[in-house]
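Quick one: the structure is below, questions incoming.
The values are calculated or read from the model by the stated rules, or taken from the named source; none is laboratory data. What you are looking at is a predicted structure, and each value in this text was computed from that prediction instead of being measured. FYI the Cβ positions are ideal-geometry reconstructions off the backbone, even for glycines, and counts take in every protein chain you see. What goes into the accessible areas is simple: the full protein's heavy atoms, side chains included, and nothing from ligands, DNA or RNA. Shrake-Rupley method; radii C 1.70, N 1.55, O 1.52, S 1.80 Å.
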Amino acid sequence: MNDSLVITTGIRSRKNLEEKALELSREWKIPYQPREKYSLDFIREMTGASTILLVSHQKLSLVTNGKEFFFHPGLAKLRIKELQAGKTDQMIKAMDLQEGDSLLDCTLGLAADALVASYVVGTKGIIVGLEDAAPVAHIIARGLRSYTGEKPELINAMRRIQVVNQHHLHYLRNLPSNTFDVVYFDPMFRVPKVKSSSMAPLRDLANSSPLSIEAVAEAVRVARKRVVMKENRESQEFQRLNFQLIQGGRYSPVAYGVIKGGVLK
Ligand SMILES: C[S@@+](CC[C@H](N)C(=O)[O-])C[C@H]1O[C@@H](n2cnc3c(N)ncnc32)[C@H](O)[C@@H]1O
């Protein structure tokens, strides 16, 4: 992950955005650079930062290598629509996730999976999402808290996700056994899917380390029902990490590995 960040505003109405940018700069301890009329490339050059946290009227985004990263419920929205139409979501099936369940998402990323899960567990459920990359955690936490303009069930599912900026191994080690029904991992694929454009901006910012055997062992201790991992269908990771049952759509390039946790072992 790249940590050199600077915060600035969009060019239009920058005077009105400066206060917000300064507030975030203080809260997240990221240096603030007044935008003036500089291009983002020039700001990057001038400050030596590789990533810019851009405050504009519509959203907060991270700009890195010419790619822009921001929270958007797009993918999850489609999946939730399909669930409402009675279709099967392979991730939910692999998790055997039920209304009222608790889920620890150890690799929150863009929070698409967490959002679908949050919709399924409903108001009585619990969703905690861990994200190791601080800029990603900031942007997603803010987006989940403030995104508007969608149906109430989607907005409420966003608001229920608790975001924690922490490495999952550290978080898991400090949890008592059997704390969550399901623990979920969706690490950056060892071999990236070429077509996954939603993941492209994340790739420069994310923690791309392989999932550790130790984290999986902790997850098995913490999960009452299941530990689930998403990976490329052909990935050797399922074997390396001892995931037993592989589920996924017949034609899907991704698959889900499952390990039965605490009470089901
Ligand atoms: C493939 S993305 C997850 C995508 C997510 N499932 C979604 O639906 O948007 C993987 C994310 O996990 C994060 N990550 C990787 N290792 C982590 C760790 N040890 N602890 C917490 N987060 C981690 C990465 O920074 C990245 O944002």
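How about the range 55-146: which GluC sites (Glu not before Pro) there lie in a loop by DSSP and see at most 16 other Cβ atoms within 10 Å?
Counting only loop positions with at most 16 other Cβ atoms within 10 Å, the GluC sites (Glu not before Pro) in the range 55-146 are 99.
Next question. For the range 5-58, what relative contact order do you get, as a whole percent, if you take Cα pairs closer than 8 Å and at least 6 residues apart?
That works out to 53 percent.
Could you check how much of the accessible area of the range 1-152 is carbon and sulfur, as a whole percent, using a 1.4 Å probe?
Of the solvent-accessible surface of the range 1-152, carbon and sulfur hold 49 percent.
Please compute the contact order of the chain in relative form: average sequence separation of alpha-carbon pairs under 8 Å and at least six residues apart, divided by the residue count, as a percent.
About 16 percent, as a whole number.
I would also like to ask the following. Work the Kirkwood hydrodynamic radius out for the chain: mean of 1/r over every pair of different alpha-carbon atoms, inverted, in Å.
Final number for the Kirkwood radius of the chain is 19.3 Å.
Now, a different point. Based on the Cβ-Cβ distance of residue 39 and residue 247, what FRET efficiency does E = 1/(1 + (r/R0)^6) give at R0 = 45 Å, to the nearest 0.05?
Once rounded, the FRET efficiency stands at 0.40.
Compute the angle between helix 74-84 and the longest alpha-carbon principal axis of the chain, please, reported from 0 to 90 degrees and rounded to the nearest 10.
Between the helix axis and the principal axis of the chain, the angle is about 30 degrees.
For the chain, what is the accessible area per residue in Å² when the probe is 1.4 Å?
Roughly 49 Å² per residue, with all protein chains present.
Relative to the longest principal axis of the chain, what angle (0 to 90°, nearest 10) does the C-alpha long axis of helix 134-146 take?
Tilt relative to the chain: about 90 degrees.
Right, here's the next one. If you line up the long axis of helix 14-28 against the longest principal axis of the chain, both from Cα atoms, how many degrees apart are they, to the nearest 10?
Compared with the principal axis, the helix lies near 50 degrees.
Helix-derived [θ] at 222 nm for the chain: sum -39500 (n - 2.57) over DSSP H runs of at least 4, divide by residue count, nearest 500?
Mean residue ellipticity, 222 nm, calculated: -10000 deg cm²/dmol.
Still on this structure, I have one more. May I ask what percent, to the nearest 5, of DSSP beta bridges between residues of the chain are antiparallel?
The antiparallel proportion sits near 45 percent.
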